[in-house]
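Note sheet for the following structure.
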Amino acid sequence: MTLTGYIWTLLLLLYSHLLKSIGATEIVMLPTKHYYYAVTGANAGLGLESVRQLASLHDAPPCNRDTSCSDEDATAIIGVTIFLLCRNPVSAQQAIDSLTASKNEYPTNVSFTYVPFDSSDRSSVKTAIETLSQSITDRHIMNGLLLNAGGFTSDRNGTLTKSGTTIIAETNLIGHAVLVDGLIQSKKLQQGSRVIFSGSEAGMGEPFAIKWGNDLDYYINILTGKAYKTKKNKNKYTPQDGYGHIKGMIAFYTAAMARRHGDIYFAAVSPGSTKDTYLMDQGSFPNALKYVFKGFICLSGQHGVDVGAGRYIDALVDNNGGRDGWGYESGTFVCSKKGYIGEVCDATELKKGKPFGEQPKQDLVYEAVQSFMLR
């Protein structure tokens, strides 16, 4: 328990003793609760908006004898800590400054903490695991982990990282998988925790469905970039192909993790086509091609960053005192039902999304990802 928690509990005890001494109504002594969340890529766009929405959710004062409280609400929330995981300390501090400047919009018990994190750098990921594990107090867990960092990255050629995977694979999938595994090992992700990977409709293929393989080498070759080599060893990697394959593998991996860790909620959630995220401006596309893609995206329809982040938060806080009615089972890939915006659905309800429900493919992706976890 934090110092704030001890002070809060002591004050309640003293107040309860005072009420008893004068014959007044007794306050119900409620167990204390501190919520912890972490968001990767939290300094801008969808990540920062997700932090904003999280910050506004938890504000529950103690109940007393004159107020009816459900079992789920019967907890005195003494604090909410949101960890902003990102690479750049300057932009991270700017994000925190913008959040604290709007403090009157959030409950007074919310705090923001920067944690250095680069999902493409294995040493950075391991340091973040240690920092988070030490920062979450005893008997508390990571209530929600949103794995938002990634995108197309700035790589145009399928460049490899030290672990032997492409930058786009390491940044979007492998680095996040290592983070999740480390927090499970430290017992900060356990029963009651929720882990949300950033998914995308691109993972189903655009315009044609991806024909997912049925052997381990197929998925390993995507991770290492060999899938994009011709027989003459010519590199035919494109950012859009790499992005689609990795986002699809995230959906498979999420389902596999859900089956292996039944006490933790997992989901891959697409934020949909969202304005002001700068996804196409990361540097992976030449200007001419970038503007072609931007035009296509605009014609296909976009919604605001608040709507895209709202999809994440609906998944991240369901049954944790935030929003109700999410309704998707652990392991689900949730995406737009039609196109890239609007109503959402389980991807397996769509023709192009049916493979994500196939357990053999889920297990192959799991094995492929795990083979790079210790490198």
Cα-based reach from Lys187 at 24 Å (exclusive), listing lysines while leaving out same-chain residues under 8 positions away: Lys33, Lys126
Accessible area of Thr238 in the full protein assembly, 1.4 Å probe (Å², nearest 10): 40 Å²
26 Å Cα-Cα reach of Lys236 towards lysines, excluding residues that sit fewer than 8 places from it in its own chain: Lys162, Lys211, Lys226, Lys247, Lys290, Lys294, Lys352, Lys361
Extension gain (nm, one decimal) between Lys232 and Lys211, 0.36 nm per residue minus Cα-Cα: 5.3 nm
Accessible area of the range 161-255 divided out per residue, in Å², using a probe of 1.4 angstrom: 40 Å²
Computed accessible area, His140, all protein chains, 1.4 angstrom probe, square angstrom: 30 Å²
Proportion of all alpha-carbon pairs of the range 159-249 beyond 21 Å (%): 39 percent
Highest average packing first - 112-123, 95-106, Cβ atoms within 10 Å: 112-123, 95-106
Dimensions in Å of the range 215-257 - Rg and Dmax from alpha carbons: 11.3, 37
Förster radius 51 Å - calculated FRET efficiency between Gln359 and Ser91, Cβ distance, rounded to 0.05: 0.80
Residues whose placed amide H lies under 5 Å from that of Gly225, excluding near-sequence neighbours: Thr166
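The values are calculated or read from the model by the stated rules, or taken from the named source; none is laboratory data. If you're wondering where the values come from, they're calculated on a predicted model, not measured in any experiment. A quick note on method: Cβ atoms are made from the backbone with ideal geometry, for glycine too, and the neighbour counts reach across all protein chains shown. Note: accessible area is taken over every heavy atom of the protein model, side chains too, but ligands, DNA and RNA are not part of it. Shrake-Rupley method; radii C 1.70, N 1.55, O 1.52, S 1.80 Å.
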